[in-house]
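Take a look at the structure below.
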């Protein structure tokens, strides 16, 4: 996160500010997400610095990573565009103020009405398959599009360590495979028959995909752009959308690999991308947001279960679905804090950290060595600014937690703002602070008045 302090110190400071303002509270605000807008600005600057200034580059944030409208609006103010993968994300991007010409619409399942909406609004499209291509051609007829239209191709370079995050495998559901000679020839004919096709799009995958694999996928796409130009004559492809997918380091606070490392690999494998012949579009999401957000939750109860110590917290599958369902692929760090927001420093004790959902697998961590967690303590989940609290899972009807934005004031203080209010649950009784304080007196918790 941002500033001269370490990321851990920054999280602690934000946590204590949240406690002081009642944004996190053991009675009625037991779970919350936080977005560090200072850190987000630093990340966007690093992304922009990584690419040469003399190239035309649109950095389109992948809205799926965090589609909360105030976050999208913040990214727009930082000069980003927006990549959307459905009507809901397109609606939110427009609500956040992105001009249509800075929005890129990807999806393998665009409906006819969605295609018509995007074309009429002047949103850029990446066509996924030949059937969609026929739809777009029918909608356009003889009218030129108002924004660039490209085709997503699958360079077929293989997958990374997480199969579900790898989109350039032989059997991927995305794009037109360049390794299929019949499909390749058909795509060449499509570019010949439709002069409004001017761009190519690729995305090799995200978490678990090494940067070298991603760069080789981009290289295959750039090579195909050159083939289109050679076969058809002239400059037919004027832009390459290289997707996103830069993996995030969840093991500690280091930002590795960085955007500069990604560009180094792109230069090595696809030097023609940087020759000035192509407008470049990127679609980074997780790598922009993950390190700039965290989740905080109260520990409600602790217990002994066999030889396990278990801490039941209010953060579980509803805000960490990937970690709960695929812990090997999506492990999260957990930091322990006292109720006043100071870090716990006790000797590590092996314990499970569980969520509130009513199934046995709702665990954030199994056998994790942490300072002994007790009722009223707070757990912090770093690196959850993307795909976690912003994309809640409504199991058990668990409500969406509040999300707060944080930024520094000129005098060095912290300012908070609402990104998403906590979901209200009709019919839930309002707690009586005095009564709850009396009941919680022996449990190590002191609710605020």
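The values are calculated or read from the model by the stated rules, or taken from the named source; none is laboratory data. Treat the numbers as computed from the prediction; the structure is a model and nothing was measured. So basically every Cβ, Gly included, is an ideal-geometry build from the backbone, and we count neighbours across all protein chains shown.
A few remarks follow.
- Leading residue by the ranking (nearest to residue 46 (Cα to Cα)) among those in the stretch 258-291 that are touching a residue at least 40 places away in the same chain (Cβ under 8 Å) and in a loop (DSSP other than H, G, I, E, B): 258
- Candidates 23, 40, filtered to the one that is surrounded by 19 or more Cβ atoms within 10 Å (Cβ to Cβ), part of a loop (DSSP other than H, G, I, E, B), in contact (Cβ under 8 Å) with a residue 40 or more places away in the chain and touching a helix residue (DSSP H, G or I) at 6+ places or on another chain (Cβ under 9 Å): 23
- Test result for residue 448, within 25 Å of residue 340 (Cβ to Cβ) and either exposed (fewer than 14 other Cβ atoms within 10 Å of the Cβ) or at pLDDT below 95 (or both): yes
- Selected residue (only one of 255, 222, 231 is assigned to a loop (DSSP other than H, G, I, E, B), touching a residue at least 24 places away in the same chain (Cβ under 8 Å) and outside the structural domain of residue 364 (by TED's automatic domain parsing)): 255
- Under the condition of being surrounded by fewer than 14 Cβ atoms within 10 Å (Cβ to Cβ) and closer than 19 Å to residue 246 by Cα, the residues counted in the stretch 163-187 number 2.
- Selected residue (criterion: surrounded by the fewest Cβ atoms within 10 Å (Cβ to Cβ)) from residues of the stretch 292-304 that are in contact (Cβ under 8 Å) with a residue 12 or more places away in the chain and over 17 Å from residue 28 (Cβ atoms): 301
- Subset of the stretch 234-252 [in a loop (DSSP other than H, G, I, E, B) and under 23 Å from residue 55 (Cβ atoms)]: 234, 235, 236, 237, 238, 242, 243, 244, 245, 246
- For the stretch 149-157, the criterion of a residue being surrounded by fewer than 21 Cβ atoms within 10 Å (Cβ to Cβ) and under 21 Å from residue 187 (Cα atoms) is satisfied by at least one position.
- Residue within the stretch 322-332 that is assigned to a strand (DSSP E or B) and at pLDDT 95 or above present: no
- In the stretch 178-194, of all residues being in a loop (DSSP other than H, G, I, E, B) and touching a residue at least 12 places away in the same chain (Cβ under 8 Å), the one that is nearest to residue 133 (Cα to Cα) corresponds to 194.
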